[in-house]
1. For residues in segment 128-140 being part of a strand (DSSP E or B) and open to solvent by 60 Å² or more (accessible area, probe 1.4 Å), which is nearest to Val99 (Cα to Cα)?
2. It is to be established whether one or more residues within segment 103-112 are closer than 17 Å to Val82 by Cβ and in a strand (DSSP E or B).
3. Quick one: Pro125 ticks every box in (1) open to solvent by 30 Å² or more (accessible area, probe 1.4 Å); (2) on the phi < 0 side of the Ramachandran plot bar one, so which box is it?
4. Residues that are within 26 Å of Asp37 (Cβ to Cβ) and open to solvent by 50 Å² or more (accessible area, probe 1.4 Å): does segment 70-88 have at least one?
5. Answer with yes or no whether Gln47 is assigned to a loop (DSSP other than H, G, I, E, B) and either under 28 Å from Thr118 (Cα atoms) or modelled with pLDDT under 55 (or both).
6. Specify which of the listed residues (Gly100, Gly157) is open to solvent by less than 70 Å² (accessible area, probe 1.4 Å), at positive phi and either of a type outside the set (Phe, Trp, Tyr) or part of a strand (DSSP E or B) (or both).
7. So which residues in segment 103-122 are modelled with pLDDT of 95 or more and open to solvent by 60 Å² or more (accessible area, probe 1.4 Å), if there are any at all?
Amino acid sequence: MLLALHCMLAAAPAPAADDAARTGNVLNLRKSAPAVDHTPTIESFVQLAVGQNVDAVYQTFGDVPIQANGELALKHYLATEVLPFFADVQRLERMSRVVGAAFEDASAGQIAYAYVVTKSGAIKPFTIAWRVESGRARLMDVKVDRCVKTRHPVVPGGCAP
C-alpha cells in the first residue's frame, strides 16, 4: 500500500511555479464598495417638506415626473397630499430601507421606505424615489401615508405585519 501511494505521488506533476509561490487563502476575494448612507437625502427631503413650501419641494423633482404629470398637477398633489402629511412632523424615524430602482425611462435610482415621527409621537410611513442628475438627487416619486409591508422596516408603531 505504501508502495502504491509512493508511486502515485511520484507520478503527480510538479506544481507550477505560480502555484508554488502562493501561500494562504486561495480565494480571490472581491472588494465591495462601502454601503452608501442615504439618510442625508431622505432627511433633506423631509426638512424641505416640513417647511411647507410647495415651490421649494417642486424644484427637487426631476424632468420625467414633471413632464408626465404637468406642473399644475404635481404642485396640486404636493399642496393637497404631501405637505399636509408632513405638517406636524417632528423628525425622520432612524429606521429606513433603501433599495435600487429602475424607472420607466430606463434610468436607475433609489427608493426609500421610511417613517416620520409626528409631534404627538405617531409614526407615519412614506416612500420617496429619486435618481442622481448632475450630482444632485432629483425626486421621481413621493407617496405618503401608504405602508408597503414587505418593504418598510419593522419598527414599533410602524406598519403592522
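The values are calculated or read from the model by the stated rules, or taken from the named source; none is laboratory data. The structure presented is a predicted model; accordingly, all values stated were derived computationally and were not measured. Backbone-built Cβ (ideal geometry, glycine too); neighbour counts: all protein chains shown. Quick note on the areas: whole protein, heavy atoms, side chains included, nothing else; ligands and nucleic acids left out. Shrake-Rupley method; radii C 1.70, N 1.55, O 1.52, S 1.80 Å.
1. Checking each candidate, the answer is Val132.
2. Checking segment 103-112: at least one residue is closer than 17 Å to Val82 by Cβ and in a strand (DSSP E or B).
3. Every condition holds for Pro125 apart from (1).
4. For segment 70-88, residues within 26 Å of Asp37 (Cβ to Cβ) and open to solvent by 50 Å² or more (accessible area, probe 1.4 Å): absent.
5. no
6. Gly157
7. The answer is Lys119, Ser120.
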